[in-house]
Amino acid sequence: MIKQNIDIVNANINKAKIESNNDLARLICVSKTKPIEMLKEAYEAGERHFGENKVQEIVQKSPEMPNDTIWHMIGHLQTNKVKKAVELASYIHSVDSLKLAETINKCAEAINKVQNILCEVNIASEESKYGLNEEGLYELVKQINDMKNVKLVGLMCVAPYTDNPEDNRKYFIKLRNMKDNINNMNLSNISISELSMGMTGDYEVAISEGATFVRVGTGIFGERNYNI
Ligand SMILES: *Cc1c(COP(=O)(O)O)cnc(C)c1O
């Protein structure tokens, strides 16, 4: 079941990559709320990147998965959970405040790690969503430039929910333009390449606008049930 879904998603990803000349896009399997057996099936199908919304789920699942599993923390992160996130996650996608970036920097320094992070942008200025506005993003990037134990690798957004993926194309273009603007700031330690954008409903459009990480949950593991 999962293997078949992964085959379909990867076929769609490869088609979108070829059509748009974007050979950088990689799949993150978003396994939040899903049991470890499903993650293992995805691993056996060849997937290595897994995304979780809660640090606690990475804490529980990581000992059960092979060592070369790459964990992505994609959900909102509270500062009291940062220590564990830094221990376990290769990438933290949801950095949206100076306080959070500083806490990550401090926890990473304590274990001699340079933590890969992405800044989360609230791309459609939705009240219900986390993330920085454009001005706040550039301000935070300047501050991150001085931090030794975080490496800013890119930007992340969660586009609005829609039935028509084309509706989100403008937001993906907007995030890509912000990436270009940041690289044009010529900050000594900042050069970003990652665009974490696109989910089950719109990952092909995201790839056509330059996504390097697409985060697909439902399309691989099926609908989530938050009541269990
Ligand atoms: C849940 C989640 C996803 C995956 O969403 P699907 O629509 O199930 O593919 C991607 N990114 C973030 C930040 C999420 O919370």
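The values are calculated or read from the model by the stated rules, or taken from the named source; none is laboratory data. Nothing here was measured: the structure is a model prediction, and the numbers come from that model. Note: ideal-geometry Cβ built from the backbone for every residue, glycine included; neighbour counts use all protein chains shown.
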Return a yes/no flag: does region 54-69 have any residue that is touching a residue at least 40 places away in the same chain (Cβ under 8 Å) and under 19 Å from the mean Cα position of the chain (by Cα). no
Among the residues of region 57-80, count how many are more than 12 Å from Tyr91 (Cβ to Cβ) and either β-branched (Val, Ile, Thr) or away from the ligand (no atom under 16 Å from the Cβ) (or both). 12
State all residues of region 4-56 that are within 14 Å of the ligand (Cβ to nearest atom), more than 30 Å from Lys81 (Cα to Cα) and out of contact with any strand residue (DSSP E or B) (no Cβ under 7 Å at 6 or more places or on another chain); if no residue qualifies, say none. Asn5, Ile6, Ile8, Asn12
Residue among His72, His76, His93 that alone is closer than 18 Å to Leu137 by Cα, surrounded by 23 or more Cβ atoms within 10 Å (Cβ to Cβ) and modelled with pLDDT of 95 or more: His93
Are there any pairs, at least 6 apart or on different chains, whose C-beta atoms fall under 6 Å, with the first in region 31-49 and within 18 Å of Met73 (Cβ to Cβ) and the second within 16 Å of the ligand (Cβ to nearest atom) and assigned to a loop (DSSP other than H, G, I, E, B), and if so, which? Lys32/Asn53; Thr33/Arg224; Leu39/Ser31
